[in-house]
There are 2 protein chains.
Amino acid sequence: MTIQDERAESPGRPQRADARRNHDLLLRAARELFDEEGDTSMEAIAKRAGVGVGTLYRHFPRRIDVVEAVYRDDVDQVVAVAERDVATMTPWEAVDSFLHAFVTYAFGKRRFLTELREAFEKNPELRCDARERLEAAIRLVVERGQGAGVVRADVTGDEVFGLLGPMCTSASLTREQCDRLVGMVLDGLRPPVAATR
Amino acid sequence: MTIQDERAESPGRPQRADARRNHDLLLRAARELFDEEGDTSMEAIAKRAGVGVGTLYRHFPRRIDVVEAVYRDDVDQVVAVAERDVATMTPWEAVDSFLHAFVTYAFGKRRFLTELREAFEKNPELRCDARERLEAAIRLVVERGQGAGVVRADVTGDEVFGLLGPMCTSASLTREQCDRLVGMVLDGLRPPVAATR
DNA sequence: GCACTAAGTGGAGGGACCCTCCGTATAATA
DNA sequence: TATTATACGGAGGGTCCCTCCACTTAGTGC
């Protein structure tokens, strides 16, 4: 995925311990800054990580590589949340928890979006990978709920993704509005009571 | 719309002739450069227009203002093409001509899109205005065709806009593919022959 | 025509940013 | 411990956006 991952697999010497540590520090620093500022500079990332810019560029040759790495990491975390919720909660709790977590994640990406679009343009595979993994995470949670009969059967996880993703990236909705809408979507996801009309 | 337009309306002295001339030169230079390079610098725009950067900034205080002005100008041109086609061509010729012109216009905006999105974010009204004017232009042409019976009646101009706009901005289609698809859409726009099944 | 003045112009330079280069430092190995 | 490939740091080159202000000029009233 990243340069380090690739190098670690090549035959020669393994990656040095300080390099791996710095890689993690840089990734964490970058995510923090993108979250806090929505936009940031290479110098700021290096400073926050406590290394020189030269080190940053050794790990991420171009700015866009930082953006891509942060995004991949974010997707990993969303997937991990889905797996954790499925493993530790009741079917409905997992749906409720994960959908809220997903919206929190996606909403936080709004200011990051311009950068992300450039990364998608440079590397279209990134978009497809991320989409597939996110949809798989939602499916995991939703289909479990459907299997347990606590989620209506006439909707797919992918459709829920198609509903919530664009909602979060819509510039006109506030965080509070998104949360209320998720609540509404959750109510709608419950199996319909027998039709009374 | 632009600063000059506003100033010209204010009571004091009218805008000086050289200022208006430079405004036009700058706008033309900016459009040329955006078309040719897809991206450009303020220095390059000023140089192409034959003025100093100070003059550019007097007319367009921020880079985003140049982007906005170029875009508004582009929309004006599309609208003008629609009006010209309607005035000088048969109903079907106008549909054919305008749809091709529209795709040429929209396709050319692809590399400009990142800049444009920023302008939309800064000024959401721009997006709405442009959309309304473009839809009105398509409606003008399509509804005239429908009135003359050369365009099927069960489709609206806005729907055609919704079909062609995203097609042009889709990064995965080449210019040739867009043209062939327009040809296909045009065939589909003809009134269906009486159903034979 | 002429002098006056508000409007307009040009471009050096400040500051931010991306990225490169290379001398220095250090982890892994023998 | 000596060796060496690997990794680090940060000065500085190049580009870009934008500001500032001394200078120029178009329009106005006489």
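What the table shows:
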{"item": "Degrees between helix B:157-169 axis and first principal axis of chain B (Cα, 0 to 90, nearest 10)", "result": "60 degrees"}
{"item": "Linear extension gain, B:Q77 paired with B:E93, 0.36 nm per residue minus alpha-carbon span", "result": "3.9 nm"}
{"item": "Copy-to-copy label separations for B:T169, where each label sits 7 Å from Cα toward Cβ, in nm and ascending", "result": "1.1"}
{"item": "Proximal aspartates and glutamates to A:K47, defined as alpha-carbon separation beneath 18 angstrom and excluding residues fewer than eight positions away on the same chain", "result": "A:D18, A:D24, A:E32, A:D35, A:E36, A:E37, A:D39, A:D65"}
{"item": "Inter-copy label distances at B:G183 (7 Å, Cα→Cβ; nm, one decimal)", "result": "5.6"}
{"item": "Partner chain coverage, peptide B:93-99 - average Cβ within 10 angstrom", "result": "0"}
{"item": "Calculated from backbone phi, Karplus (6.51, -1.76, 1.60) coupling profile of the range B:112-124 in Hz, x at Gly/Pro", "result": "8, 5, 4, 4, 5, 4, 5, 4, 5, 5, 5, 9, x"}
{"item": "Copy-to-copy label separations for B:Y57, where each label sits 7 Å from Cα toward Cβ, in nm and ascending", "result": "2.8"}
{"item": "Least to most buried among B:F102, A:F107 (fewest other Cβ within 10 Å first)", "result": "A:F107, B:F102"}
{"item": "Where only C-alpha atoms are counted, convex hull volume of the range A:63-190 per residue in Å³", "result": "93 Å³"}
{"item": "Gyration tensor verdict on the protein assembly as shown (Cα atoms; rounded if a/c is under 1.5, prolate if a/b is larger than b/c, oblate otherwise)", "result": "oblate"}
{"item": "Helix axis angle, B:17-37 relative to chain B longest principal axis, alpha carbon, degrees", "result": "50 degrees"}
{"item": "Check: the protein assembly as shown dipole with +1 on Lys, Arg Cβ and -1 on Asp, Glu Cβ, in debye", "result": "560 debye"}
{"item": "Qualifying lysines (Cα of each under 26 Å from Cα of B:K122; at least 8 residues distant if same chain)", "result": "A:K109, A:K122, B:K109"}
{"item": "Rounded Å value of the spacing that divides the Cα centres of the range A:52-81 and the range B:127-161", "result": "45 Å"}
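Every read-out reported here was derived from the displayed coordinates using simple, explicitly stated rules and does not represent laboratory data. Fair warning: this is a prediction, and the values are worked out from it, not measured in the lab. Virtual Cβ from ideal backbone geometry, glycine too; neighbours counted across all protein chains shown.
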